[in-house]
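Single-structure report; data block below.
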Amino acid sequence: MIKPLLVLFSVVLAAWVYQSNQPPPPKLSGTPNGPPITAPRSKLKDGRYLAYKEWGVPKENAKYKMIYLHGFGSFRLGIPTFSQEVLEELGVYLLSYDRPGYGESDPDPNRDAKTVAMDTEELADNLNLGPKFYVLGASMGGAFTWSVVKHIPHRLAGAILICPAVNFWWPGFPSNVTMQTWNQLIPQEKWAVRVARYFPSLVYWWNTQNLFPRSAIISGDMRLYSPEDVQILPELIARSAEFMHVADQQGVYESLHRDLKVWLSEWGFSPVDLPNPFPNNEGSVHLWHGAEDWMVPVFTSRYIVQKLPWIQYYELPTAGHLFSFADGMGDHILKTFFKEH
């Protein structure tokens with residue numbers, strides 16, 4: 001009697017998990033059931049659209065043209081604290097866009113680390129940014145900036161990475177460095193990372209069920225924020241209150257959940273193996289990280305810059321993950337970078 005009951009329970013459990021793991025179709029921007037289109041969008045060769053926002057000086061008058069890659073759970077308006085005055089002073093045209101599935105950009109079911117670089121290049125061409133441009137990526141956008149450096153180095157004039165996210169399965173890192181980073185994660189996030197890596201088909205179910213703790217990042221767990229982050233959060237929330245819902249408005253699966261899957265997938269390369277994209281010092285790569293970053297621990301960035309001495313590294317001893325959103329910090333990062341260009 002017990003064995004048939006166990007079999008029945010297993011079948012029912014499997015059916016429940018299967019049903020619970022079927023994400024609803026995305027609510028595409030501009031469709032009858034989807035959010036309205038409010039931003040300019042550019043059509044890619046495969047028919048998808050990317051929504052974008054232009055900041056700073058007009059591109060025809062710009063001395064520098066830069067593309068910003070936003071972080072996890074953000075979108076085109078979630079940029080660091082760049083002031084219009086400093087963008088004009090430096091002569092910077094800044095283009096931010098919604099990565100696929102976020103905001104008003106169409107999802108990409110074939111998205112991987114490389115396609116982010118290809119989307120960036122194609123968008124730059126569609127908007128006539130010229131043969132070379134700069135890229136700045138923060139957090140998850142910082143991780144994908146490594147992909148830009150890898151796949152389209154010939155298009156880069158320079159790059160900035162701010163607290164770039166870490167794929168724990170990138171090869172080339174000593175186990176002690178990886179474990180230092182891993183051990184600083186809270187248990188809840190470790191489980192979400194394991195699911196995304198080893199059971200990517202269960203990511204939607206894991207992050208929508210109520211039996212086990214979901215991703216701490218998606219849940220907004222305050223244990224991820226350092227004391228300085230906590231000080232920055234109120235103003236950051238106030239600045240973004242009116243559009244916080246926009247990032248995942250087409251659905252959490254094609255934005256947040258696919259980001260988790262892509263981030264922790266096989267990338268085909270490791271940052272520590274990247275060659276210098278500027279062997280003749282015709283450009284530079286800057287990496288900024290807070291020593292008190294509890295969301296993306298600093299240890300991996302420290303190792304990368306040891307292996308790649310051509311990266312200029314800036315570590316802030318008391319800063320957390322959100323330091324680029326502190327008043328004046330975005331301007332400071334840009335001024336530090338462009339004084340060399």
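The values are calculated or read from the model by the stated rules, or taken from the named source; none is laboratory data. These numbers come from a predicted model, not from an experiment. Don't worry about glycine lacking a Cβ; one is built from the backbone with ideal geometry, like all the others, and counts go over all protein chains shown. These accessible areas exclude ligands, DNA and RNA; they are computed on the full protein's heavy atoms, side chains included. Shrake-Rupley method; radii C 1.70, N 1.55, O 1.52, S 1.80 Å.
Residues in region 31-46 that are over 17 Å from PHE243 (Cα atoms) and either open to solvent by 80 Å² or more (accessible area, probe 1.4 Å) or free of Cβ contacts under 8 Å to residues at least 12 places away in the same chain (or both): THR31, PRO32, ASN33, LYS43, LYS45, ASP46.
Scan region 206-230 for residues that are surrounded by 14 or more Cβ atoms within 10 Å (Cβ to Cβ), in a helix (DSSP H, G or I) and of a type outside the set (Phe, Trp, Tyr) and report the count.
Final tally of qualifying residues: 7.
Summed over region 33-61, residues that are under 16 Å from GLY103 (Cα atoms) and either assigned to a loop (DSSP other than H, G, I, E, B) or more than 22 Å from the chain's Cα centre (by Cα) (or both) total 9.
Residues in region 231-253 that are among the small types (Gly, Ala, Ser) and part of a helix (DSSP H, G or I): ALA238, SER240, ALA241. Residues being free of Cβ contacts under 8 Å to residues at least 60 places away in the same chain, within 16 Å of MET140 (Cα to Cα), touching a Ser or Thr at 6+ places or on another chain (Cβ under 8 Å) and open to solvent by less than 30 Å² (accessible area, probe 1.4 Å) are represented in region 167-190 by at least one member. Cβ-Cβ distance below 6 Å, separation of 6 or more or different chains: which pairs start in region 321-334 with a residue that is touching a residue at least 24 places away in the same chain (Cβ under 8 Å) and under 17 Å from ILE237 (Cβ atoms) and end on one that is among the charged types (D, E, K, R) and assigned to a helix (DSSP H, G or I)? Filtered contacts from region 321-334: HIS321/ASP229; LEU322/ASP229.
On inspection, THR145 fails the criterion of being open to solvent by less than 10 Å² (accessible area, probe 1.4 Å) and more than 24 Å from THR115 (Cα to Cα). Being more than 20 Å from SER265 (Cβ to Cβ) and under 19 Å from the mean Cα position of the chain (by Cα) holds for only one residue in ASP112, ASP106, ASP119, ASP125, and it is ASP106. In region 55-70, the residue that is surrounded by the most Cβ atoms within 10 Å (Cβ to Cβ) out of those that are touching a Leu at 6+ places or on another chain (Cβ under 6 Å) and without any contact (Cβ under 8 Å) to a residue 60 or more places away in the chain is GLY56. Note on region 71-113: among residues that are among the acidic types (Asp, Glu) and open to solvent by 20 Å² or more (accessible area, probe 1.4 Å), the one that is nearest to SER29 (Cα to Cα) is ASP106.
Counting the residues of region 279-304 that are of a type outside the set (Gly, Ala, Ser) and under 23 Å from ARG155 (Cβ atoms) gives 9. Evaluated against (1) open to solvent by 20 Å² or more (accessible area, probe 1.4 Å); (2) in contact with a Lys or Arg (Cβ under 6 Å, 6 or more places away or on another chain), VAL262 falls short on exactly one condition, (1). Pairs are defined by a Cβ separation below 8 Å, a sequence spacing of at least 6 or placement on different chains, a first member in region 266-279 that is of a type in the set (Gly, Ala, Ser), and a second member that is open to solvent by 10 Å² or more (accessible area, probe 1.4 Å) and not in a loop (DSSP other than H, G, I, E, B); the pairs so defined are GLY268/LYS114.
Filter region 116-131 for residues that are out of contact with any Pro (no Cβ under 9 Å at 6 or more places or on another chain) and open to solvent by less than 10 Å² (accessible area, probe 1.4 Å) and give the result. Selection gives ALA117, THR120, LEU123, ALA124, LEU129.
For region 270-298, name all the residues that are of a type in the set (A, V, I, L, M, F, W, C) and part of a loop (DSSP other than H, G, I, E, B).
Answer for region 270-298, where residues must be of a type in the set (A, V, I, L, M, F, W, C) and part of a loop (DSSP other than H, G, I, E, B): LEU274, PHE278, ALA291, TRP294, MET295, VAL296, VAL298.
The set of residues in region 62-78 that are over 19 Å from the mean Cα position of the chain (by Cα) and either under 20 Å from GLU254 (Cα atoms) or hydrophobic (A, V, I, L, M, F, W, C) (or both) contains only ALA62.
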